[in-house]
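In what follows, a structure is listed as structure tokens, so that the remarks can point back to it.
Please treat every number below as a calculation from the coordinates, not as lab data. What you are looking at is a predicted structure, and each value in this text was computed from that prediction instead of being measured. Neighbour counts are summed over all protein chains in view; Cβ atoms, including those assigned to glycine, are modelled from backbone coordinates with ideal geometry.
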Amino acid sequence: MGRRVGRPRRVGVLVASAALAAALLAGCSSATGSAAGTTPTEPPPPAVPHPFGLLTCTPRYGVRFCPGGGSRRVPSFDGVPLDADVTLPATGRGPFPLIVLLHGLGQSKTAFEVDHVDTSPGAENNVALASNGWAVLNYTARGFGGSCGTAASRAGTPACAKGWIQLADQRYEIRDTQYLAGELVDEGLVQPRIAVAGLSYGGGQSLELAVLKDRVRLTNGTLVPWVSPLHHVPMSVGAVFAQWAWDDLADALVPNGHLSAAATTPASADVSPMGVPKLSWDALLYGVTTAGYLSPPGVDPRSDLTTWEHALAAGEPATAIDAAALHEVQTYKSAIGIPLPPGGPAPTVILNGWNDTLFPASEALHYAARVTAAHDLTPMLLLLADVGHGWAANDPAVTAAETARGIAFLDAVVRRRTQPETGVVVSPTSCTGPETGTTAGSSLAALQHGTVTLTGANDQVVTSSGGSTATATQLNPAYAGKAFCHALPPGTAPGTATYQLAVGSHPRTLLGSPTITATLHVVGNYPELVGRLWDVAPDGSRQLVSINVYRPNVDLAAGTPTTATATTTMSFALTPNDYTFAAGHTIELQLVGSTAPLFRASNGTFHVTVSGARVTVPVS
């Protein structure tokens, strides 16, 4: 019991038939037509490359490096200057296959750049990829660093006036990627079917690009075919590698517990009722954006991050500002807000973490479920391991192996036009040593071989004032990061509901999301329930295994008195994991009224009588 504490660091779902996979991998695009009166043709490669007509390429580290920035920033579709570098193979005129590398929140173009020779076929950086035949585009997202993010980068640059952070918006940041790639196509330097890889902030954008595929979201919200800006060459995303990614940013930041990791649920279910903010994460992420360039409060309703943060942090009752923020985040800053294209998204590989408390593995599983439900035979590979943000171990060997798998997927689809690896590959959470071994299958469900059930014979009461403040403080991944492999002392707290199952003489391995069903009798206002699954050792010490929050859709209106009563049913899933409970231990599910500051404590006063509770734990 107990596993190493990780530090955030960089480092299938559905298998297509052979015939359809061949069609997908052939690079067919549904983007038809071009500017009136023109015939799109791919221009010839340049004799001497000057990416964007601005950059000069020089031999370095066994490749050609073409640095930008400063006076060589590249104007985007709306004139905002972007700090971009291009790296090319050591020889050749192209057109090369292009991969765009998208950095994390608060980072810059250098996040995926190295200053040494690297020819590793599975490494994710500009030199290694260019050494293996790719043209590589690294650029700093608008509003960060040299892309209008610093006062110095904005000085004397009128085009930066509105170049603030748009939070991975399809109408701005995503269109920046598409526009820059289109310019390189117009120069004859790269092929029009591109690859994209990104981490965290870049991972969410990667999934958005996968669903857009061959479409552009204009600033008025409409979708149009994606063509290069000058020669109107039809373009598409050939494949993406999304790491530590979100499908629905509204659910990731303000979860209500209504998303399913095992089946498709509509986007509307994630925001109605309004969820419970991940208070510590939301505050930390907003703090990162303040180091860049934010829209002044009240100026840009599309990305008014300061106003949104203050409104969500204030808590219940929900306001029109809260609703507007979640609508913008879900519709324009999440893959879930984009209608699926004909034939499905671009071929996709997703690497998400079991113990990532910001963008858990459920985000990847929900994305895959939506694609599967639409009967889109998109080649897809899910890599689920103990990687990601706070609580994740990020074992270097696991990270390297999974990254190499992701790069191999891109290489197969875009460069070699062969069938990639598909399905799901899981690596376990381990608290007793390095994670070892992987298990592969066609889907997560195919790897599950039954369930165990925890039930409660009697009604139990959860109160808004119950639970242990000391325990909740230690469950704060944004700052402490020690919930995993950091066993907490024994003890129970008043105002909580507890359900247990002895493991017995043989270990049990959880694989997937524990699901809780119950009838709730609520007295009070603004209720919330946090589900926590524990591994309890014989000495009573406990290790957290899974957690999530649920918002009952009752007594949430402004002015609801503390004497209000309501009855409702609950069905919600905790975040998934691949975790083994040792023989002689106990699986324990605990319902509490607050786990602040991970989830914001309610402004209400309530007690909830839980009846007929049933906890279903999938096992491998």
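According to a simple spin-label model (label point 7 Å from Cα along Cα-to-Cβ), what is the distance in nm between Thr563 and Thr119?
8.1 nm
Taking R0 as 30 Å, what's the FRET efficiency between Asp78 and Ala151 from their Cβ-Cβ distance, rounded to 0.05? Before the final figure, lay out the partial values.
Working: r = 21 Å, r/R0 = 0.69.
The calculated FRET efficiency here is 0.90.
Can you compute 3J(HN,Hα) from phi for each residue in segment 190-207, using the Karplus curve 6.51 cos²θ - 1.76 cosθ + 1.60 with θ = phi - 60°, rounded to whole Hz and x for Gly and Pro?
Result, ordered by residue: 9, 7, x, 10, 10, 10, 9, 9, x, 10, 6, 4, x, x, x, 5, 4, 5 Hz.
When a/c is below 1.5 the answer is rounded, else prolate if a/b is larger than b/c, else oblate, so apply that to segment 237-337 with a ≥ b ≥ c taken from the square roots of the Cα gyration tensor eigenvalues.
Working: a/c = 1.71, a/b = 1.22, b/c = 1.41.
Oblate is the answer for segment 237-337, as a/c is 1.5 or above yet b/c matches or exceeds a/b.
Can you give the % of DSSP beta bridges in the chain that are antiparallel, to the nearest 5? Numbers along the way, then the final one.
Values: 75 of 106 bridges.
If we restrict to bridges inside the chain, about 70 percent are antiparallel.
Using 0.36 nm times the number of residues separating Thr473 and Leu340, minus their current alpha carbon distance, what extension gain do you get?
On the way: separation 133, 0.36 × 133 = 47.88 nm, distance 4.07 nm.
Result for the pair: 43.8 nm of gain on full extension.
Could you work out the relative contact order of segment 478-616? I mean the mean sequence separation of Cα pairs under 8 Å and 6+ apart, divided by the number of residues, in percent. Write down the numbers at each step before the final one.
On the way: 326 pairs, mean separation 56.6, N = 139.
The value is 41 percent.
With unit charges on the beta carbon (Lys/Arg positive, Asp/Glu negative), name the residue among Ala573, Pro43, Leu533 whose Cα is farthest towards the positive pole of the charge dipole of the chain.
Pro43
Using the Karplus curve 6.51 cos²θ - 1.76 cosθ + 1.60 with θ = phi - 60°, what ³J(HN,Hα) values do you get for each residue of segment 395-403, in whole Hz, with x for Gly and Pro?
Per residue, the Karplus-derived 3J(HN,Hα) values read 4, x, 5, 5, 4, 5, 5, 5, 5 Hz.
Would you kindly derive the ³J(HN,Hα) couplings of segment 117-124 from the backbone phi angles with the Karplus curve 6.51 cos²θ - 1.76 cosθ + 1.60 (θ = phi - 60°), listing them in order in whole Hz, with x for Gly and Pro?
So the J values, rounded to whole Hz, are 5, 8, 10, 4, x, x, 7, 10.
Using modelled backbone amide H atoms (1.01 Å from N, in-plane), which distant-in-sequence or interchain residues come within less than 5 Å of Leu82's amide H?
Val74, Ser76
May I ask you to work out the translational diffusion coefficient for the chain at 25 °C, viscosity 0.890 mPa s, via Stokes-Einstein with Rh from the Kirkwood sum over Cα pairs, reported in whole µm²/s?
Values: Rh = 24.9 Å.
So the translational diffusion coefficient is about 99 µm²/s.
Determine the dipole magnitude for segment 513-609: charges of +1 sit on the beta-carbon of Lys and Arg, -1 on that of Asp and Glu, nothing else is charged, the reference point is the Cα centre, and the result goes in debye to the nearest 20. Walk me through the numbers before you get to the answer.
Working: 4 positive and 6 negative charges, 43 e Å.
Dipole size: approximately 200 debye.
With point charges of +1 on the Cβ of Lys and Arg and -1 on the Cβ of Asp and Glu, referenced to the Cα centre of the chain, which listed residue (His327, Thr289, Pro420) lies farthest in the positive direction of the dipole?
Pro420
By the gyration tensor of its Cα atoms, with a ≥ b ≥ c the square roots of the eigenvalues, what is the shape of segment 451-618: rounded for a/c under 1.5, prolate for a/b over b/c, or oblate?
prolate
Show the residues, 5+ positions off or on another chain, whose built amide H is closer than 5 Å to the amide H of Gln191.
Here the answer is Phe96, Leu98, since their amide H atoms fall under 5 Å of that of Gln191.
So if I place +1 on the C-beta of Lys and Arg and -1 on the C-beta of Asp and Glu, and nothing else carries charge, what would the dipole magnitude of segment 451-618 be about its Cα centre? I want it in debye, nearest 20.
Working: 7 positive and 7 negative charges, 31 e Å.
Value, rounded to 20: 140 debye.
Check Ser620: other-chain or 5+ apart residues with amide H under 5 Å from its amide H, H built from backbone geometry?
His449, Thr509, Leu511
So how strong a dipole does the chain carry about its Cα centre when Lys and Arg Cβ are +1 and Asp and Glu Cβ are -1, to the nearest 20 debye?
Values: 35 positive and 43 negative charges, 131 e Å.
Once rounded to the nearest 20, the dipole reads 620 debye.
Could you check the simple spin-label distance between Thr418 and His521, using points 7 Å along Cα→Cβ, in nm with one decimal?
So the two model labels end up 6.4 nm from each other.
When Lys and Arg each count +1 and Asp and Glu each count -1, what net charge do the other residues less than 10 Å away from Arg72, Cβ to Cβ, add up to? Let's see the in-between values first.
Values: positive: Arg73; negative: Asp83, Asp85.
Net of charged neighbours comes to -1.
Looking at Leu454, His521, Thr177, which one has the Cα that reaches farthest to the positive end of the dipole of the chain (charges on Cβ: Lys, Arg +1; Asp, Glu -1)?
Thr177
Return, ordered by residue number, the residues of segment 547-577 whose backbone nitrogen is under 13 Å from a label point located 7 Å along Cα→Cβ of Ala263.
Once the point is set 7 Å along Cα→Cβ of Ala263, 571-573 turn out to lie under 13 Å by backbone N, inside segment 547-577.
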